[in-house]
Each structure stands twice: as C-alpha cells, then as structure tokens.
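Contents: one structure, followed by commentary.
The values are calculated or read from the model by the stated rules, or taken from the named source; none is laboratory data. As the structure is a computational prediction, the values presented were derived from the model and not from experiment. Every residue, glycine among them, receives a Cβ derived from its backbone with ideal geometry; neighbour counts consider all protein chains shown. With ligands, DNA and RNA removed, areas are computed over all heavy atoms of the protein, side chains included. Shrake-Rupley method; radii C 1.70, N 1.55, O 1.52, S 1.80 Å.
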Amino acid sequence: CALPIWELRFDSASVTAASLVQPVTQASEQAQLRHDNEWIRYCVPLGVPYIMSQSPLDIRQSPTVTAMVSKVPSSTRYIFTDGRKHPEKEDLDPVSNGHSIGRWDGDTFVVDTIGFNDRGVSRLPGGGIRTPDSHLTERYRLMGNGARLSVTFTWEDPKVFQKPHTYEYRYYRIARIPEPRMLPCDAGDQERMKFLMSPFDAK
C-alpha cells in the first residue's frame, strides 16, 4: 500500500548536540564539509541520514518491505519486514543507506540499520559522522490522527559517540507532491562544481 507523502517544515527538527569522543576542530569540520560536498558534486547516492532530512519523502509499504524515496540523488531505501536478520559481517555489502530491517512494537515501527559505507553525506544532525561501524535505530510513530509522523533516530558508535546520540524529526502529511519527486543532478556541470567547491579551493 502507499502511505501519504511526508514533508519537513521549519518546526520539524528537535536536535541536541552529540557527545563526541573527539572534539570538533575547525580543520576537522572543514575536512568533513569538503568530503560531503565532493559526494554531492558527483551526484552519488547521498545516503542515510541525509535523505531523511530532505523532503518530500515518499514512503511505500508492502507486507514484506517498506521503501523510501527522497528528492535528492539517492538509491531507494529498503526496510525489510519479512523476518530476515542482518547478513553476517563477511557477507554484508556496505552501502550509503545501510542494511535495514523493521518490526512493529505496538503502534511503533522500529527500524534497525547497520552496514554503512563512507560514501555520500556522512555528517549527522547534532554532530558526529556515520561510519562503517555505526548502528542506527529508528522509531516511527503516527501522531495527530495520522497528520504527522514522528521519527526518533538513535546513533551508536563507540569510536564517535560517548553515549548514544538521539534526535527527532516530525514530518507533516501532504496529499501530493507539487514538484518532481527527484531533483535533477548533472555531475558534469562545471558551474555547479565551482559553486560547491570554491569555498575549499580558495584556501
């Protein structure tokens, strides 16, 4: 079945600062921004969590899988609900969306994700980065008679966080998308490349 389309608004994010193992320096922050902008520049799949902060977000459900499509360049995110487990580490193919499995806990949809790579946008809301060792737990819950969707994200990674880092997004249901679902992206656009990378190249 198809769920409604969801969008973020100015009051949608409740994000606290992460407790990081390593303090953020100006040099490390600039290096992270350059890393992320280079992936944006080449139109690669930008991955989780970046696609979850871009709207509209199209969510489709079937008995065995939930699929999510964001408007920014990304592969479709699949959350398997057929009872499967995560593959063993040696069999896992890391991707920017990770490998996600979901289950219902009452009226809350709980999603467990591992198997990330270092491609795409890896910085996280509130601080820290997504790494191949990251473990993400999400809890999806409808609010306001189905008018809003609350998603709580909890990131765990002992090399990045002193304690689990949690924040919440609240999406608003909309009846339709007033614009194309996917934004066009041309990796060969030199003007776009200069715009994205000039702050770093100028240093």
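At a glance:
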item: Scope the stretch 160-172; condition over 15 Å from Val110 (Cα atoms) and open to solvent by 30 Å² or more (accessible area, probe 1.4 Å); matching residues; result: Gln162, Lys163, Pro164, Arg170, Tyr172
item: Pairs where the first residue, in the stretch 6-21, is within 25 Å of Pro56 (Cα to Cα) and of a type in the set (Phe, Trp, Tyr) and the second is part of a strand (DSSP E or B) and open to solvent by 70 Å² or more (accessible area, probe 1.4 Å), C-beta under 8 Å, 6+ apart; result: Trp6/Arg173
item: Residue within the stretch 8-25 that is on the phi < 0 side of the Ramachandran plot, assigned to a loop (DSSP other than H, G, I, E, B) and among the acidic types (Asp, Glu) present; result: yes
item: Failed item in (1) more than 13 Å from Ile114 (Cα to Cα); (2) open to solvent by 20 Å² or more (accessible area, probe 1.4 Å); (3) touching a residue at least 24 places away in the same chain (Cβ under 8 Å); (4) within 19 Å of the chain's Cα centre (by Cα), with Pro132 passing the rest; result: (1)
item: Residue ID - farthest from Met52 (Cα to Cα), chosen from residues in the stretch 124-163 that are outside any loop (DSSP other than H, G, I, E, B) and among the small types (Gly, Ala, Ser); result: Gly144
item: Test: residue in the stretch 82-91 that is of a type outside the set (Lys, Arg), within 22 Å of Asp36 (Cβ to Cβ) and out of contact with any Cys (no Cβ under 8 Å at 6 or more places or on another chain); result: no
item: Test: residue in the stretch 152-159 that is open to solvent by 30 Å² or more (accessible area, probe 1.4 Å) and either over 18 Å from Gly98 (Cα atoms) or over 17 Å from the mean Cα position of the chain (by Cα) (or both); result: yes
item: Residue list for the stretch 96-123, restricted to those being among the hydroxyl-bearing types (Ser, Thr, Tyr), assigned to a strand (DSSP E or B) and open to solvent by less than 10 Å² (accessible area, probe 1.4 Å); result: Ser100, Thr113
item: Residue ID - nearest to the chain's Cα centre (by Cα), chosen from residues in the stretch 37-47 that are open to solvent by less than 50 Å² (accessible area, probe 1.4 Å) and of a type outside the set (D, E, K, R); result: Gly47
item: Residues of the stretch 9-36 satisfying the condition of being closer than 30 Å to Gly188 by Cβ and open to solvent by 30 Å² or more (accessible area, probe 1.4 Å); result: Glu29, Gln30, Ala31, Gln32, Leu33, Arg34, His35
item: Meets criteria (part of a loop (DSSP other than H, G, I, E, B) and surrounded by fewer than 19 Cβ atoms within 10 Å (Cβ to Cβ)) for Asp93; result: yes
item: Search result, residues across the stretch 178-203 that are open to solvent by 80 Å² or more (accessible area, probe 1.4 Å), outside any helix (DSSP H, G or I) and either at pLDDT 70 or above or among the hydroxyl-bearing types (Ser, Thr, Tyr) (or both); result: Pro184, Asp186
item: Per-region count, the stretch 48-78, residues in a loop (DSSP other than H, G, I, E, B), among the small types (Gly, Ala, Ser) and surrounded by fewer than 18 Cβ atoms within 10 Å (Cβ to Cβ); result: 2
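So that you can scan it fast, the table gives a plain yes or no per residue for (1) at pLDDT 90 or above; (2) small (Gly, Ala, Ser); (3) more than 21 Å from Ser134 (Cα to Cα):
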| residue | (1), (2), (3) |
| --- | --- |
| Glu7 | yes, no, yes |
| Ala18 | yes, yes, no |
| Ala27 | yes, yes, yes |
| Ala31 | yes, yes, no |
| Leu46 | yes, no, no |
